[in-house]
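Q: Right, I'll just put the structure down here and ask away after.
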Amino acid sequence: MSWLFGGGKKTRGETIVVLDVENGSVGAGLVRLVPGALPKLFAQTRVPMPLARTRSAASLVRAAEVAALEALQHTSLVAARVRHSKLHTLGDVSRAVVFLHAPWSTLASTKRSWNHEPEMVHGLRVALASTFGDIPATFRPFSTAALHTTNTLFEQQGSFLLCTITGEMAELLLVKDGNLEGRATIPLGSNLALRTLQSHTGMSQAEARSALLLAHDAPTLYPEPLSAAANHFSAAFRDAAREILDTPVTGVLIIGTEPGGTWAAKTLSVASPPSTVPDPFAEDTVVRTLNARHIAPYIAAHAHSPDIALMVATVFVASKINEV
């Protein structure tokens, strides 16, 4: 029977679950991969981790595991519903790809391989097994996906800093001609601003997050606590940048879940170091954020507020469609 009458061979595809594990939240979604078509991102969700007053590696691991389980349960429920619809093949999840941010993923001294935190990997495998059963799981550093995606989206930009802002950390990658040439981290992320707002105003975590989001459009909102947080973050960021830069950088690209990404970008654009310290930024340095509109042409995602980290991961896994 010819293809005109429906007898042609159908294009095969697969659905995978993508898990993005940072240190302040965990995101999950389903990605439909079909050769020759844009990858489809759906069923996305992000679960914030509690904003504790003190931090420790052990408490962050436990909080990440709890958030990951909740995110995976949501995504698994969507997959189950899809399997009982006309689009049932979209709900058959074949494998998982897990992206780990700092400090769960670290670059070896040779700059050729990455190491993943064993305790975190074990906990995430348990969470995946309890929600999706016995499916293969691959663990990758988010930095690899970020570098690949920015190389895909933009022309070669010479030398620039690619920075991922998460809840408790910022990860700086020195990129030269599309290649990773240096890496540094600082134990400060978007939660710095949230904690500062909470301590100065008595806000809840949700209220502080809303206030930080509103502060983008109303700079006079809570100027003193936000200025203190901004100066602290900017100084630490520049100290880390000096460790991996040989000459001042002219470009900084920020990847971060809102409102943290925009806050970090504006902070680095405005705050400056003391006059006695060399600035790792050149006078004409441009600081910008990676937005959903940059990635939209490369994937099919229809969420009202697309998750930037999951979008970055989707572009990456689509490029590795034949890898497990």
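Q: Could you pull out every one of the aspartates and glutamates with an alpha carbon less than 19 Å from that of residue 266, ignoring same-chain neighbours closer than 8 positions?
A: The reachable aspartates and glutamates, counting only those whose Cα sits under 19 Å from residue 266, are 168, 171, 217, 224, 239, 258, 279, 283, 284.
Q: Also: How far, in nm, would the chain grow between residue 206 and residue 52 when pulled straight, counting 0.36 nm per residue and subtracting the alpha carbon separation?
A: Length gained, residue 206 through residue 52: 54.1 nm.
Q: Something else about it: For residue 166, what is the net charge nearby, where nearby means another residue's Cβ is under 14 Å from its Cβ and Lys, Arg count +1, Asp, Glu -1?
A: Cβ neighbours under 14 Å give a net charge of -4.
Q: To the nearest 10 degrees, how steeply does helix 223-244 sit against the main Cα axis of the chain, on a 0 to 90 scale?
A: 80 degrees
Q: Give me the one-decimal Kirkwood hydrodynamic radius in Å for region 120-213, with the sum taken over alpha-carbon pairs.
A: Kirkwood hydrodynamic radius for region 120-213: 16.3 Å.
Q: Return the calculated 222 nm mean residue ellipticity for the chain, to the nearest 500 deg cm²/dmol, obtained by summing -39500 (n - 2.57) across DSSP H runs with n ≥ 4 and dividing by the residue count.
A: Value at 222 nm, helices only, nearest 500: -12500 deg cm²/dmol.
Q: Residues in region 170-212, backbone N under 13 Å from the label point at residue 232 (7 Å along the Cα-to-beta-carbon vector): list them, ranges by number please.
A: Only 187-201 pass the distance filter.
Q: What ³J(HN,Hα) values, in whole Hz, does the Karplus curve 6.51 cos²θ - 1.76 cosθ + 1.60 give for region 171-187 when θ = phi - 60°, with x put for Gly and Pro?
A: Those phi angles translate into 10, 10, 10, 8, 10, 10, 6, x, 10, 6, 10, x, 8, 8, 10, 10, x Hz.
Q: Could you please report the charge total around residue 247, scoring K, R as +1 and D, E as -1 over all other residues with beta-carbon less than 14 angstrom from its beta-carbon?
A: The answer is -4.
Q: Wrap a convex hull around the Cα atoms of region 152-289, take a quarter of its surface area, and give that in square nanometres.
A: Computing the convex hull of the Cα atoms and averaging its projections yields 8.4 nm².
Q: Within a 10 angstrom radius of the beta carbon, how do 257, 250 rank from fewest other beta carbons to most?
A: If I rank by nearby Cβ atoms, fewest first, I get 250, 257.
Q: How far, in degrees from 0 to 90, does helix 205-215 lean away from the longest principal axis of the Cα atoms of the chain, to the nearest 10?
A: 70 degrees
Q: Within region 56-82, which residues have the backbone N less than 19 Å from the label spot 7 Å out from residue 119 along Cα→beta-carbon, could you tell me?
A: The answer is 56-69.
Q: If one takes the longest principal axis of the Cα atoms in the chain, at what angle in degrees, from 0 to 90 and to the nearest 10, does the Cα axis of helix 142-153 lie?
A: Here the helix axis deviates by roughly 80 degrees.
Q: Starting from the 7 Å offset along Cα-to-Cβ, what nm value, one decimal, do you get for the label separation of residue 130 and residue 277?
A: Inter-label distance under the simple model: 4.3 nm.
Q: Of the labelled options (i) 51, 48, 42; (ii) 78, 43, 39; (iii) 63, 51, 43, which one gives Cα extents along the principal axes in Å as computed for this structure?
A: Structure-derived value, by its label: (ii).
No value in this document is a laboratory result; all are computed from the given coordinates. Keep in mind the model is a prediction, meaning the values are calculated, not measured. Backbone-built Cβ (ideal geometry, glycine too); neighbour counts: all protein chains shown.
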